[in-house]
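First the structure, which I've put down as structure tokens, then a few questions once you've had a look.
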Amino acid sequence: DAMVIQNPRYQVTQFGKPVTLSCSQTLNHNVMYWYQQKSSQAPKLLFHYYDKDFNNEADTPDNFQSRRPNTSFCFLDIRSPGLGDAAMYLCATSRDRENASYNEQFFGPGTRLTVL
Amino acid sequence: GIQVEQSPPDLILQEGANSTLRCNFSDSVNNLQWFHQNPWGQLINLFYIPSGTKQNGRLSATTVATERYSLLYISSSQTTDSGVYFCAVEPDFNKFYFGSGTKLNVKP
């Protein structure tokens, strides 16, 4: 089955120690997204890639970076995690509107990040 | 930026009851989706519904884009329907914004 995969499902890091979360997809979608979801809150868009074009949300801290080496993979790098960065990180994909008549998002299972 | 409001924030139902969840948005959108987030955090797609009405089993949804709202109907609720329901809108291409969610608890 085509899907969005996130690894690891649970990640523990130390305050200030860089961490990388990964996402892969078998849907061959153009667009990949990263969201942050804190406890009892809605998912918040951090940034997205349209193919290789990176699009940052205006209020995403510089501490968060992303890489997309190819269509299938996308990484979220947190350069110096703080206690406030503990959250669920969700990856999603979609086709874009230019290539499809609809732009439905599909989500991976998420990575829950703990910062000690 | 666009405002997305969901109501009610919390809902407790007895198994078998029906319910209506609402999503209001403050600007025109290209796309609207409804999701169910299960206890493990996975977002499950329910409906892609930028306009019109769709049905899938006990669930149906209606979006009135000109009036900037969408409704999710759950009929004959089951305990497995418990969780958080989110609507997400796309006001600009490839930019999605979520409402604050409705937390549903269905009691046996």
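Every number here is computed from the coordinates shown, using simple stated rules; none is lab data. Everything numeric here is computed off the predicted structure, so don't read it as measured data. Here the Cβ is made from the backbone with ideal geometry for all residues, glycine too, and neighbour counts use every protein chain on show.
Give the dimensionless ratio obtained when the Cα radius of gyration of the stretch A:4-115 is divided by 2.2 N^0.38 Å.
Here the answer is 1.02, to two decimals.
Based on the mean of other beta carbon atoms within 10 Å per residue, what is the order of A:22-29, B:6-13, most packed first?
So the peptides A:22-29, B:6-13, ranked by packing, come out A:22-29, B:6-13.
If you don't mind, there's one more thing I want to ask. Could you grab the Rg to Rh ratio for the protein assembly as shown? Cα atoms only, Kirkwood for Rh.
Using only Cα positions, Rg/Rh for the protein assembly as shown is 0.97.
Give me the percent of DSSP beta bridges within the stretch A:4-115 that run antiparallel, rounded to the nearest 5.
That works out to approximately 90 percent antiparallel.
Shifting gears a bit: In whole percent, what relative contact order does chain A give with Cα contacts below 8 Å and a gap of six or more residues?
Relative contact order of chain A: 37 percent.
Right, another one. For the stretch A:1-45 and the stretch B:1-55, what is the separation of their C-alpha centers, rounded to whole Å?
With the stretch A:1-45 and the stretch B:1-55 each reduced to a Cα centre, they are spaced 22 Å.
What average count of beta carbons from other chains do you get within 10 Å of the Cβ of residues in B:98-107?
Counting other chains' Cβ atoms within 10 Å and averaging over B:98-107 gives 2.
Return an integer: the convex hull volume of the alpha-carbon atoms of chain B, in Å³ per residue.
Value for chain B: 88 Å³ per residue.
What average count of beta carbons from other chains do you get within 10 Å of the Cβ of residues in B:26-38?
For peptide B:26-38, the averaged partner shielding equals 2.
Averaged over peptide A:47-57, how many Cβ atoms belonging to another chain are found within 10 Å of each residue's Cβ?
Taking the mean over all residues of the peptide, I get 1.
Over the stretch B:33-81, what is the mean sequence separation of C-alpha contacts under 8 Å (at least six apart), divided by residue count, expressed as relative contact order in percent?
24
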